[in-house]
Every structure is written in C-alpha cells, then in structure tokens.
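Colleague: Mind having a look at this structure? Questions to follow.
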Amino acid sequence: MRLTRITTTALATVLAVVPLAACGSDKDKAGAAGASPTLTYWASNQGTSLENDKQILTPELAKFTSQTGIKVNVEVVPWSDLLNRILAATTSGKGPDVLNIGNTWSSSLQATGALTQFDDATMAKIGGKDRFLAGSLSATGVPGKPPTAVPLYSLAYGLYYNKKQFAAAHISQPPATWPELIADGKKLTTAGHWALSVEGGSATENVHNAFALSQQQGGEFFDSAGKPTFDTPQNVAAIKQYLDLMQTDKIVNPSDAEYSNGTEALKDFATGKTSMVLWQAAAGSLKQLGMDAADIGVAPVPLPSPAPAGGKKVTSMVAGINLAVFDNSKHKDAALQFVKFLTSTPEQQLLNKTYGSLPAVADAYSDPAFQTQDVQTFKDILNTSAAALPAVAQESQFETLIGTAIKNMFADVASGKTVTEDDIKSQLAAAQQQLGG
C-alpha cells in the first residue's frame, strides 16, 4: 500500500475529476423524483500521476453508471493529503460516500466509528466474504470485530531492478542480502547515475521501509499490550541502515530527500536514472512510464547477513488498498453496489492488471496476467515474508510520527549533516512521548 503521506500540500494539488460534494449534500438529495443517486468517491493515487488515475477510472465509472444508473463523482486525492482529509471528514461528518484507505489505517479509522461495518449481512450485499483472499481480509480492521473496509488492491514490497543495467555492470543476479545490495549499488553508482531511488520526503514510504527493517533487526514498534516501543536499539539500527543508503553508502541521490508524492522514485527507476527501487507491486506503472518489460526484474527485499539475534525473515509489510463506506452516507445501498462493482472479478482483473497490483478476490487469478513469475514473486512475499503493521488504534499516528521523523532526518543528511544513532534515538523517544509511551 502506498499510504499515509502526511506532509500538508495545497488543495490545488488535488485533482478533481469532477467537483467534490459532501455525502448527503443538497445536490445529492435533490433531483427529479425517482432519479438515481449520485455518489462521491475519494480514490487514492495508484497510477503514475493523478491524471493517469483519472484516465483509468473514468471509463470504469461510466460502465458502473451504465449498469446501475448510479452516477459517481470521483476525486483522486494524493497520498500526501488523503489521511488528513479522511480524519477531517470523520470529525465533520462531511466526507464522501465511498473512499479508498490504506489498509494499515483500518484499525485507526475503525476506532473513529465513522465507517460502515461489513458484518455478515453487509458482506452478503457485496457478494460474500468468501470471495476475498483471507490474507487481504486480515488487514481490514481490528481482529475479532466486523471489518469496516474490504480489500481492493493487494500489494507487497519488492526490490525492482533493471536487468539491462545489472548485466552491463556484470552483476548476474539481484542481491539477496543487504551487504550484497550495498556492493552492487557501489558498482552501479557512477557520475550522473545512482544505484537506488527512495522517496525520502514521504512519511509513508519511510515508515513502511523502517517497519520491515525493524522486523529484520528483531524489533517492534509496539509491545503485546499495544504500548509504543519506538526508541529500542533494534528500531534505531533499522532507521540508521535506511538513512545510511544515502549517508554513508552513498548509493542514493541526496535530492531523493525531497521526493514525496509517491511517483518520483519510481519514475527515476523507470527512466533508467537509477538501477533499483524498493517499491510495492508496480509493473503496470513501470510499463506506462515507458520501461521495457524485458528490463524489469523483481526480487524480495534483501535480508541482513549475518542475521541479528531475534531477527525475522520479513521483507515487506502486508500492503494494500481497502474500500470503505462512510456510515452517514445518505446513499448506502448505492455505495454498497459500487463496492460490489469494484470488487467484482472483471473489475479486479482490469484494475489490478492496469496498476500492477494483485487482486483481492480469488477468482480474478484465472486471468493469465496473474500467472506470471513477477506476480508469483509478490504472492510468495505476501504468503511467506510479509508482516502486518500493528493493529492498534494509534497506528495512523505511529505512521505519521515515525515517517515524518525519518523524512526530517533524510533532509538533514541531504544538507550534509551527519545523523547519528543518538540523533535517531532522540527523535524516536520524542515520537513515543507524543503517544504517551
């Protein structure tokens, strides 16, 4: 999931396919007697740009309207704004009817009480829960309670690498360990070319990578009782390792500290400016960006060597995008029809093929497009080496605080300042204190 980018940007950066209307607005209530309702839908940025998402979604929404008579006004909201917009809507009651949420936010947003519960009866209205993959359903809310979202796109992080550039550097296979990645990275970094691209200005990408690296170090950001444990040696080591890709290993361009919109690092990789990128399933976006499919390689994110004491073989968070319905929607039946449409087998096949993500429903895998080696790699990652982020009510705050702290430290590195372990521990302790830890 490409999730909570919390830095505030001007609302002018939001691409509205059509003007936003709050759910239950006068415009939605008005109209000729018997007219079908108009839904508002906040979509997350999954493609190469906001405009790209508009181009992908518009014909599908027209198809839904043709089938049901229900119109959908969609706004594609950048990740830098999405969580803040959703949280504001849960407070004001003026949100969309249907929205995309990062699956890691599910527990936090469930705690607000603003989203519709998908109990058995509600699940039946969208075709039943048995259609969905169990792993995808596991990240839709607090365990033991009815979920308040359903999965739309399933994702995992992998290491994308440029096969052509690897061959030119006489590197025969992708790195399986971090020492191998650093060694390969130094071979690939030359004047005007960098080995690895990162979104150092993105709170989302920062915290997701830090989580996986923490797991590899044997760390946790919350204990079994849900208490924050941010400033542990393992978490410090994980974040230091991530920062050092730029700071000491020097295989990441310092300007990447400014990358924050969820497309810049991927574009650098697709256009050959870098040779590797740690990214969620994105084959569709890479092809749309013009990268030759023959040059696209994907492998699991590397592991430490030697393995730290207590370290786990985790290479990714359980990532994905969920669909939710605001509980105060005046058009809940129509909203559920729209959820059923987006999670139907044909739409799951079309949308996930386009974005390069994995379907959340089992029947969609009958399409040959989801039987490739790259897709199998990501399915294996999800099945064998992915861990779920903490299912605690404070999860979204955790992502914001830790991701933003790493963003600020990347900015320090880019400016020439050395970020030490003590600096990292101090930042983590301050974040932990904000959560009452």
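The values are calculated or read from the model by the stated rules, or taken from the named source; none is laboratory data. As the structure is a computational prediction, the values presented were derived from the model and not from experiment. Quick reminder, even Gly has a Cβ in these numbers, built from the backbone with ideal geometry, and neighbours come from all protein chains shown.
Colleague: When residues of the range 109-129 are filtered for being of a type in the set (Gly, Ala, Ser) and surrounded by fewer than 16 Cβ atoms within 10 Å (Cβ to Cβ), how many remain?
Modeller: Number satisfying all stated conditions: 4.
Colleague: Sticking with this one: What residue, among those in the range 253-287 that are farther than 15 Å from residue 160 by Cα and either over 19 Å from the mean Cα position of the chain (by Cα) or at pLDDT below 90 (or both), is surrounded by the fewest Cβ atoms within 10 Å (Cβ to Cβ)?
Modeller: 255
Colleague: Within the range 406-419, can one find any residue that is farther than 27 Å from residue 352 by Cβ, acidic (Asp, Glu) and either in the same structural domain as residue 278 (by TED's automatic domain parsing) or within 25 Å of the chain's Cα centre (by Cα) (or both)?
Modeller: yes
Colleague: Only one residue in 58, 40 is of a type in the set (Ser, Thr, Tyr), modelled with pLDDT of 95 or more and surrounded by 23 or more Cβ atoms within 10 Å (Cβ to Cβ). Which one?
Modeller: From the options 58, 40, the qualifying one is 40.
Colleague: Another question, if that's okay. In the set 310, 290, which member is more than 19 Å from the chain's Cα centre (by Cα), touching a residue at least 60 places away in the same chain (Cβ under 8 Å), on the phi > 0 side of the Ramachandran plot and in a loop (DSSP other than H, G, I, E, B)?
Modeller: 310 is the lone residue from the list that is more than 19 Å from the chain's Cα centre (by Cα), touching a residue at least 60 places away in the same chain (Cβ under 8 Å), on the phi > 0 side of the Ramachandran plot and in a loop (DSSP other than H, G, I, E, B).
Colleague: Go through the range 296-312 residue by residue and tally those that are over 15 Å from residue 278 (Cα atoms) and either touching a helix residue (DSSP H, G or I) at 6+ places or on another chain (Cβ under 6 Å) or not assigned by TED's automatic domain parsing to the domain that holds residue 281 (or both).
Modeller: Looking only at that region, the number is 5.
Colleague: Can you tell which of 312, 330 is closer than 24 Å to residue 386 by Cβ and charged (D, E, K, R)?
Modeller: Selected residue: 312, the only one of 312, 330 that is closer than 24 Å to residue 386 by Cβ and charged (D, E, K, R).
Colleague: Return yes or no: is residue 161 in contact with a Pro (Cβ under 6 Å, 6 or more places away or on another chain), within 23 Å of residue 378 (Cα to Cα) and buried (at least 23 other Cβ atoms within 10 Å of the Cβ)?
Modeller: yes
Colleague: Sticking with this structure for a sec: Cβ-Cβ below 7 Å, separation at least six or inter-chain, first residue in the range 144-164 and more than 30 Å from residue 196 (Cα to Cα), second of a type in the set (D, E, K, R): which pairs?
Modeller: Pairs that qualify, where the first residue is more than 30 Å from residue 196 (Cα to Cα) and the partner is of a type in the set (D, E, K, R), are 146/119.
Colleague: Please determine whether any residue of the range 84-97 is hydroxyl-bearing (Ser, Thr, Tyr) and within 30 Å of residue 377 (Cα to Cα).
Modeller: no
Colleague: I've got another one for you. Mind checking which strands (runs of 3 or more DSSP E) fall wholly inside the range 97-194 and carry at least 2 residues that are among the aliphatic types (A, V, I, L, M)?
Modeller: It comes to 98-102, 150-155.
Colleague: Could you name every one of the helices (runs of 4 or more DSSP H) located completely within the range 340-416 that has at least 1 residues being in contact with a helix residue (DSSP H, G or I) (Cβ under 6 Å, 6 or more places away or on another chain) and modelled with pLDDT of 95 or more?
Modeller: Result: 345-355, 395-414.
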